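The structure appears right after this line, and notes come after that.
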Amino acid sequence: MRLHFIAIGGSAMHNLALALHQKGYTITGSDDMIYEPSRSRLKKEGLLPGEYGWFKEKISEEIDAVILGMHAREDNPELERAQQLGVSIYSYPEFLYEQSKEKTRVVIGGSHGKTTITSMILHVLNYHHKNVDYMVGAQLEGFDTMVHLTKENDFIVLEGDEYLSSAIDRRPKFHIYKPNIALLSGIAWDHINVFPTLDEYLEQFKIFIDSIVKGGILVYNEEDKHLKKLVEESNNTIRKHPYSTPEYHVENEQTLLHTSEGDMPVSIFGEHNLQNLAGAKWICQHMGIDEEDFYEAIASFKGASKRLEKIAETKGTVVYKDFAHSPSKVMATTRAVKQQYPDRHVIACLELHTYSSLNSEFLLQYKSSLDTADEAVVFFSPEAVENKKLDPISKEQILESFSRKDLTVYTNPVDFKEFLKEQNYDNKVLLLMSSGNYGGLDFEEIKNWIS
């Protein structure tokens, strides 16, 4: 089968291209720019386009299907050519569904925690040598690609994103998968450029719950009031399994999970991560892993990339990087770090980087989200606000929105970098929360600053 990827350099897209190439498909692709690590990984397999740009001559009737990435616009010349020729066009979630029609589909959804939960499940299954197909949005230790597709595996585990599928398919990705087993971690309003009201956002999760195959299973976080209400109101004939935060305590900067076999140390920490663990345990049990075997495996789970990832440590200092950007995740992550390190000075730095976080109205959702940190810093780029065609934001608006008088606000990446560089890091924890890089911060440099 010959497949052409429009926007092959995307995180999920390049992983899917590599997986299908390994499966024996003939793969070509295009993109207007490809960054690392996608570039090196595609080049290694001979899939890197010879030059950047869109070339309609790459599309012919000999191609069996085109896979369209979210990065490609509706007027993309290769897409238009495929439409003219009548070539089959799929978004990547559509193609994943086509590849998994005969499998048991396990879909992990929710506004936050889905990458971590999916990663936990895959870690446990891999530990016990249980082979499954999968798609997850972060690089995991011990896995070459983050999409794996076979003919023989019975299960496929999919991270179910609620964002749109492509420029010509405006359905949220997780509406497409039709899970046999599903998990929802919680709901916190996000993607306001697509879902401008909370009710519209909630509706997407209602549709997802109704899309679960009849007789299927939904595992859900009963501590989330929005989610609990939606699940209880659903008339879908599915089995519903609630979960909540397991019992634990923190001792000498170590989280200990309370189990039937006694206290068990785990590398992850914070209530939100332990909720994730509880949900992952339920899913693994539905996939044939008993509780005892789950705990044995999860003890060695160190986390997914950029999800409370420890990037540096000395005797007196620890540095974490986290993908947190939504208000609820920022609050949960900051609280988790302070709870884990109660006797250290916690510096929490947040970059406002997404469309939602740079919206002046949505900013009010961040009230008190950084309160548990001993010191709090917010960075944003006025250029990013302008590029997203949003109303300008002032430092005063940031201070008012976060409702913290001693908050420090930076808009210049050089000034922010100097702030980090000049810190006395003795007995401190630095928490860097962003889906970006603070205007070009080299995270490797931080190791030199704290030593």
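For region 135-245, the fraction of C-alpha pairs more than 20 angstrom apart is 47%. Once Rh for region 29-177 is found with the Kirkwood sum over Cα pairs, what is the Stokes-Einstein diffusion coefficient at 20 °C and 1.002 mPa s, in µm²/s? This corresponds to a translational diffusion coefficient of 127 µm²/s.
With 23 Å as the limit on Cα-Cα distance, the pairs of K178/K206; K56/K388; K178/K302; K130/K281; K178/K306; K225/K389 that go past it are K56/K388; K178/K302; K178/K306; K225/K389. Positive-end ranking of L96, P382, V330 along the dipole of the chain, with charges on Cβ about the Cα centre, is headed by L96. Remark: the chain carries a charge dipole of roughly 460 debye about the Cα centre, counting +1 on each Lys and Arg Cβ and -1 on each Asp and Glu Cβ. Sequence-distant contacts, meaning Cα pairs under 8 Å at least 6 residues apart, place the relative contact order of region 145-300 at 16 percent. Calculate how many DSSP beta bridges within region 310-449 are antiparallel, expressed in % of all such bridges and rounded to the nearest 5. The antiparallel fraction comes to roughly 10 percent.
Using the alpha-carbon centroid of each, what span in Å lies between region 69-116 and region 134-149? Taking the Cα centre of region 134-149 as reference, the centre of region 69-116 is 17 Å away.
Think of region 100-298 as having a plus end and a minus end, set by charges on the Cβ of Lys, Arg, Asp and Glu; of H128, I283, I298, I283 sits farthest toward the positive end of this dipole. Projecting the Cα atoms of L184, I238, I108 onto the dipole axis of region 100-298, where Lys and Arg carry +1 and Asp and Glu carry -1 at the beta carbon, places I238 farthest toward the positive end. Separation of region 32-67 from region 378-451 is 35 Å, based on Cα centroids. Between I67 and H4, F5, I6, Y90, the built amide H atoms are under 5 Å apart, and every one of these is 5 or more places off in sequence or on another chain. A simple packing score, the average count of other Cβ atoms within 10 Å per residue, orders the peptides 399-410, 266-277 as 266-277, 399-410, with the highest score first.
Taking each of K101/K240; K114/K229; K173/K240 in turn, the alpha-carbon distance never tops 27 angstrom. Dipole size of region 186-343 about its Cα centre, with +1 on Lys/Arg Cβ and -1 on Asp/Glu Cβ: approximately 500 debye, rounded to the nearest 20. Only Cα pairs under 8 Å and 6+ residues apart enter the sum, and on that basis the relative contact order of region 1-93 stands at 34 percent. Measuring nothing but how far apart in sequence close Cα pairs (under 8 Å, 6+ apart) lie, relative to its length, the chain scores a relative contact order of 11 percent.
Between Q397 and K421, the C-beta separation translates, for a Förster distance of 22 Å, into a calculated FRET efficiency of about 0.20.
Every number in this text was worked out from the coordinates using simple rules, so none of it is lab data. This is a predicted model, so every value here is computed, not measured. Ideal geometry is used to build each Cβ from the backbone, glycine not excepted, and the neighbour counts take in all protein chains shown.
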